[in-house]
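What follows is one structure encoded as structure tokens, with my remarks underneath.
The values are calculated or read from the model by the stated rules, or taken from the named source; none is laboratory data. Bear in mind the structure is a predicted one, so any value in this text is a computation, not a measurement. Glycine gets a Cβ as well: all are built from the backbone with ideal geometry, and neighbour counts include every protein chain shown. Protein only, heavy atoms only, side chains kept; ligands, DNA and RNA dropped before computing areas. Shrake-Rupley method; radii C 1.70, N 1.55, O 1.52, S 1.80 Å.
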Amino acid sequence: MEKTIKFKLNGKTVSPTVDGARTLLWVLRTELGLTGTKYGCGEGYCGACTVLVDNEASRSCQLAIQDVEGREVLTIEGLSANGKLHPLQQAFIDHDALQCGYCTPGMLLAAHSLLLRIPQPSRQEIIAGLEDNFCRCGAHTRIIQAVQGVAAKREAK
Amino acid sequence: MTREDLYGESDNPAESTLKLDRREFLKLTGGGILILFSLGEFSTLEAQRREYPTDFNAYLLIGEDGRISCFTGKIEMGQGVITSLAQMAAEELCVPLDSVKMVMGDTELCPWDGGTHGSLTTRFFGPPLRAASAKAREVLLELASAQMKVPPEQLVTENGKIFERGKPGKALTYAQLAKGQKITRELEREAVQKVAAEFKVIGVPTIRTDAREKVTGQARFAGDIRYPGLLYAKILRPPAHRAQLKSADTSAAEKMAGVTVVRQDDLIACLHLDPEMAEKALQTVRADFEIPQETVDDKNIFDHLLKVAQEGNPADEKGSLETGEKQASRLFEAKYLNSYVAHSPIEPHTATAEFKDGKVEVWASTQSPFGIKESIANALNLPSEKVHVRTPFVGGGFGGKSRNTQAEEAARLSMITGKPVQVAWTRAEEFFYDTFRPAAVVLIKSGIDDQGRIVLWDYKVYFAGSRGASHTYDIPNNRITVFGSGWGGAAGTHPFATGAWRAPGANTNVFSRESQIDMMAAKAGIDPLEFRLKNMKDDRMLGVLRAAADKFGWKPAVSPSGRGFGISCGVDSGTYVASIAEVAVDKNSGHVQVKRVVCAQDMGLVINPEGAKIQMEGCITMGLGYALTEEIHFKGGKIFDANYDSYAIPRFSWLPEIETVLIEAKNSPAQGGGEPAIINMGAVVANAIFDASGARLYQLPMTPDRIKAALKA
Ligand code: FES
Ligand code: FES
């Protein structure tokens, strides 16, 4: 059943009129024109579709659009503010934490939610936090370094 | 990517179709200096020379704004060539890296290319690109010389400018020189290129030029291409390969609002503006398939392969096996097995197509834009100039995106419906239609004398092909026989499509050989590193073995030492690579944790050391999958793996500590780097498991069940 669903997307209020059972992933990618969130498996395994809902990492392929009504959604397009890269994005660049880049948006958002929860994660905590985000290119080593880099810089401040 | 500059804002790519030929090229790009070069001239690889046209067809352009564009049919799928190729051009042209833009994989803008695979891009496309860039610099020097009235020898090129030696204040920029020019030059002889000592860009660690787009979500992949009115298509799939469609009832789907149903021969698809609705519509289609009864499965496949194998081809032959057997004081015979594995890039095969005015434009996640141009032309019965393939960023390929039926499907559906169409495979389709790395069998009979010298090597490989089958050991009686190819096989060989998978065949061959070597070392009571060094004369291999051992801090011990250390070495794509791993084996659960991997690589001239190291790390991480878990489960044409629940790929918690070493070899030609480090992963882990536990594994992947069984044996 089509209805208008109002929620905050990257800081702005949006209200698409869609079937409430549709997934957030595809509403983002089609109706809302934000293609940074990726499809990888469609069944909740790979994390390519990770977005933040009220600051928590969520698999947008498993989330009905009606369930984000009134909530705050952050996608990769909203991670940098006013053209300035988020420290994690900068760290991914500096540490070469990507190859094909297809897993990268989901990876960044998973890392972002991890740092919101645990500002100074240990290596083990980073691994646990990103465990369900897959990267076939094998960029894992650099991704961990990038996340560690951001945490270290924060501590230095 | 950079083609936006040529196409303008291409959010609506439908409006920006360009048809370029050489004469129009300068007109369209607004003039400048165009260098044409022939890849054929420069090829050192016999096979490639045959494949590539020898006329002048590769472009390097210095635009009137002084910016450099390089047009190549190669594509970027994570291997980093968008950066390393630009580095080569920047080096020879003496410009900063960011003034070079790469235009890649566009069949109308770029010259023909045989596909991006086999670690060939840098090795093969690199030399002519460097020469063309050097040529362009010569042309610029001529122009500057004429304008400044100074002989070219007294001119210096630096940072996109040319000036008389000692007078940098009075410089002409490339933009000033190219302005108003319409110069086309063919590169007939090799222009003078820089030597290693002069390098400023090559060999310098560099951050990927595509990184910013990729971290902001701006980078576009085939599924991110939008046309107004784009329909998403979901296609009816058979439950098994070779299943015959008997009947299909699409009437329910036809009644659904907004759904377009296509039925043409065996192609049945539901299309909608919303992909989820298209999927829902497809779910209502009732189809009847007849599935042939087939008995081959993931357990008996190896017997099947041995049975169907035809006559073998000798790859290497030296001495006599009879003599070898006589000289040997100990003989070893073993059979090694390797399973079908999936490429499984995180981006499934995707294509977005628009058929319009008798012409089709297709954006595809492909490793082979020119290959699919032809196959689309065939599928649509169009002359090939009516097919324009464009390649955005590709979300991983590893050999799996050389075949692209999704692009044909999208093009066909667009032609039939008259609307732009996207076909994006689901993960299940990706697992079903993959061109799997073939299952394979290796039989080895080898022998050592009482000094621990290898005197006999009789090696037969079935369906992994010759890549990686040859070795650098110094064995007087050596025969290598290759049965069947490592890519496919005659009809009836494999139950589904097979193809190249990151370093095809080499993974199986190196696993088998290096396991056998290790077994002999253990039985001879010799440390596995020493055993290898003792049986080898090849300097480059000795070099990488020693470098890896140094970095690892190798202390000699006979296996199984209980420490869990393993070694493996091999050559791939011209690159020498040695790896040493440390593992921990949980004997109760059969679980293996790889704790540390050291990998040393000699790949000749290294264009981008950071990029090369990243590729090595990627290989090591990805290689853990085929070593430990990855195998396709099937019966006949039915594939049981449909998603990551049953097919496990490496994750963060698997990650060993990885250390990489690059051997300085600036004056040897650049070799491939995208694949070599993966070839050791099966053997290095198998040998480390043996060292830890005394259990020898003869089959990949080394799952907990197989490890427990080997521990009992
Ligand atoms: S696409 Fe959502 S978890 Fe894989
Ligand atoms: S960078 Fe390719 S999947 Fe992670």
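Things to note:
- Remark: mean inter-chain Cβ contacts per residue of A:101-110 equal 6, using a 10 Å Cβ-Cβ cutoff to other protein chain atoms.
- For B:LYS255, the aspartates and glutamates whose Cα comes closer than 17 Å to its Cα, not counting residues fewer than 8 places off in the same chain, are B:ASP274, B:GLU276, B:GLU279.
- Under 5 Å, built H, 5+ apart or other chain: amide partners of B:ARG596: B:GLU582, B:GLU657
- Over 25 Å (Cα to Cα) - which of A:LYS38/B:LYS401; B:LYS214/B:LYS359; B:LYS335/B:LYS708; A:LYS8/A:LYS84; B:LYS638/B:LYS708 fall in this group: B:LYS214/B:LYS359; B:LYS638/B:LYS708
- Using alpha-carbon coordinates, inclination of helix A:140-156 to the longest axis of chain A, degrees: 80 degrees
- Dividing the helix sum by the residues of chain B, where each DSSP H run of 4 or more adds -39500 (n - 2.57), gives a mean residue ellipticity at 222 nm of -9000 deg cm²/dmol.
- Solvent-free Debye calculation, one equal scatterer per alpha-carbon of the stretch A:87-156: log10 I(q)/I(0) at 0.12, 0.13, 0.16, 0.27 Å⁻¹ equals -0.24, -0.29, -0.44, -1.35.
- More than 49 angstrom apart: percent of Cα pairs within chain B: 21 percent
- Dipole magnitude of chain B, debye to nearest 20 (Cβ charges: Lys/Arg +1, Asp/Glu -1, about Cα centre): 640 debye
- In the stretch B:251-274, comparing the full protein assembly with the chain on its own, the residues that lose 20 Å² or more of accessible surface at a 1.4 Å probe are B:ASP274.
- GluC sites (Glu not before Pro) lying in DSSP loop within the stretch B:290-392, provided at most 14 other Cβ fall within 10 Å: B:GLU311
- Average beta-carbon neighbours from other chains, 10 Å sphere, peptide A:43-55: 2
- Spatial separation of Cα centroids for the stretch B:337-406 and the stretch B:282-299, in angstrom: 26 Å
- For the stretch B:227-243, the Karplus equation 6.51 cos²θ - 1.76 cosθ + 1.60, evaluated at θ = phi - 60°, returns couplings of 10, x, x, 4, 9, 9, 10, 10, 10, 5, 10, x, x, 8, 4, 6, 6 Hz by residue, with Gly and Pro reported as x.
- Residues in the stretch B:328-357 that, when all protein chains are in place, have 30 Å² or more less accessible area than the chain alone would give (probe 1.4 Å): B:ILE346
- Positive-pole candidate from B:ILE183, B:LEU231, B:GLY217, dipole of the stretch B:153-250, charges at beta carbon: B:LEU231
- Between A:GLU56 and B:SER247, the FRET efficiency from the beta-carbon distance, with R0 = 45 Å, is close to 0.40.
- Span-like helix check, chain B: qualifying full DSSP H segments, with Cα axial length of 15 Å or more and mean Kyte-Doolittle of 0.5 or more, are B:81-93, B:681-693.
- Counting only other chain Cβ atoms within 10 Å of each residue's Cβ, the peptide A:86-97 averages 4.
- Residue-normalised accessible area of the stretch A:87-156, expressed per residue, 1.4 Å probe, Å²: 32 Å²
- Once the 1.4 Å probe is applied to the protein heavy atoms, the stretch A:2-78 comes out at 39 Å² accessible per residue.
- The stretch B:551-596 and the stretch B:187-228 have their alpha-carbon centroids 35 Å apart.
- For the stretch A:115-123, 3J(HN,Hα) computed residue by residue from phi via the Karplus equation (6.51, -1.76, 1.60; θ = phi - 60°) reads 5, 5, 6, 10, x, 10, x, 7, 4 Hz, glycine and proline entered as x.
- With 20 Å² as the minimum drop in accessible area between chain alone and full protein complex (1.4 Å probe), the qualifying residues in the stretch B:202-222 are B:ILE207, B:ARG208, B:ALA211, B:ARG212, B:LYS214, B:VAL215, B:THR216, B:GLY217, B:PHE221.
- Heavy-atom accessible surface of the stretch B:554-713, averaged per residue, reaches 30 Å², computed with a 1.4 Å probe.
- Carbon and sulfur %, accessible surface of the protein assembly as shown computed with the full protein complex present, 1.4 Å: 49 percent
- Buried accessible surface for the A/B chain pair comes to about 4500 Å², total over both chains, computed with a 1.4 Å probe.
- Sites count as exposed loop sites when they are trypsin sites (Lys or Arg not before Pro), lie in a DSSP loop, and have at most 11 other Cβ atoms within 10 angstrom; the longest stretch of chain B without one is B:300-536.
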